[in-house]
Amino acid sequence: MPLDITLVQELANKLKQNLNQVIIGKETPIALTVVAFLCQGHLLIEDVPGVGKTMLARSLAASLGCTFKRIQFTPDMLPSDVTGVSIYNQNTHEFEFRPGPLMAQVVLADEINRATPKTQSALLEAMEERQMTVDGMTHALPVPFMVMATQNPIEYEGTFPLPEAQLDRFLMRIDLGYTSLANEIKILEEQQLIHPIMELKPVVTSEEVLNAQNMIKSIYVSEPVKRYIVQMVRETREHPEVFLGASPRGSLSLFRAGQAMAALDGRDFVLPDDIKMLAPYVLSHRVVMSPSARLADVSSTRIVKEILDTLPVPAGDLGDGDL
C-alpha cells in the first residue's frame, strides 16, 4: 500500500485527542497506546488501582467504534471462560460453538495475574496468531484485534506472575501513574455530572485503522538504526545481571514501534531517538533479572536505561540509505 504519512498522523491525532478527553494529563501513555495499536500489538498496563487503566481500554474501544469485551480474571476461571465452549444442540444433533469474551476487537484482560497459568495460557495463541482453537476447531479473531491487560504491582497475594512466554507477547508495558494536582481537580470537575466516556464517539473507522496499520510497515528504517535495535537487544542477553534477555520478538517489536512513533511525528523514516524513547517500554518486561540482581532490588528498566546510556547512537543522514 502506498505510504501517505499524513493520513496516518491525522488518524493518530484523532485517537489521541479523543483519549485525552477521558484520560487527563497522560500524553505519553496515550501516545504509547496508539503506537501499540498501530503496530497491531498488545499492551500490558501495570499500575495501582484507580489511575484509569480500565478507562484507557474502554476509551480506545469507544474511539474506534470496535467491539469491546472485558474479562475479569479470577483464580477459579477456566480457559473455556475466556475462549468459549462447544455445546451440543439436541435439535440439530451437532456441536455449536459459543464464543467467549475473547471474540472481540479490543479485549480488556483485567487483573490478568489473578488467573491461574492454565487460564492465562488461553491467550497465547490469540495474541500471537490472531486465532483460537477450541475442541480442535480453529476460529479466526476479528480485526483489528488487541489485548490490553492490567495488573496491580503492589498486591501479590493470590496472584500468579505472568510467565515469560506471556510477557513476550505484549508489545509494551506501560504505567499511568498519579496525575498532577491541577489535572486531578480537572478530573473532579469533568466527572461531577457525567463521566466523559459516556459521551465519547468513534472518530475513526475499522477500515481507516487497517489501512494505517498496513501503511506504517512501509516506513523506512536505515541499516544503522536496525543495527542499533539488534545491538540493544543483544546487550540485554549479555548483561551480567540479567538471567534471560529479550528475544528476537523484542527486536521486531522495537522495530515496529519505531515505525509507528515516526508516523505519529509525521516522518516516513525512523530516528534513533524514537528507539531510545521506546526501548524501556518495549524491552524491560522481556528481561528476567538474575537472583542476585533481584535481591539487590535492581530493576529491568534500570538495566535497559544503562544499556541506552552506554550503547553508541547511530549518526548521519538516517532518512535515506546514504550514510
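Read-outs throughout are calculated quantities, based only on the coordinates presented, and are distinct from any laboratory measurement. From a predicted model like this one, the values you see are computed outputs, not experimental measurements. Counting neighbours? That spans all protein chains shown, and the Cβs are built from the backbone with ideal geometry, glycine included.
Quick notes on this structure:
- The length gained on full extension between residue 86 and residue 211, counted as 0.36 nm times the residue separation minus their Cα-Cα distance, comes to 41.6 nm.
- Region 160-220: chymotrypsin sites (Phe, Trp or Tyr not before Pro) in DSSP loop, at most 14 other beta carbons within 10 Å: 178
- Take the Cα of residue 20, go 7 Å toward its beta carbon, and the backbone nitrogen atoms of region 28-66 under 11 Å from that spot belong to 28, 31.
- Counting 0.36 nm for each residue step from residue 234 to residue 124 and taking away their Cα separation leaves a gain of 37.1 nm.
- For peptides 13-19, 260-266, 46-52, 89-95, sequence by mean Cβ density within 10 Å, most packed first: 260-266, 13-19, 46-52, 89-95
- Model label points for residue 78 and residue 301, set 7 angstrom from Cα along the Cα-to-Cβ axis, are 3.9 nm apart.
- For the chain: lysine pairs under 12 Å (alpha-carbon distance), excluding those fewer than 8 apart on one chain: 4
- The largest-to-smallest principal axis extents of the Cα set in region 194-238 are 51, 26, 13 Å.
- Net charge of neighbours whose Cβ lies under 13 Å from the Cβ of residue 169, counting Lys and Arg as +1 and Asp and Glu as -1: -1
- In this structure the amide hydrogen of residue 84, modeled in the peptide plane, comes within under 5 Å of the amide hydrogens of 100, none closer than 5 places in sequence on its chain.
- Measuring max minus min along each principal axis, the C-alpha atoms of the chain give extents of 70, 46, 45 Å (largest first).
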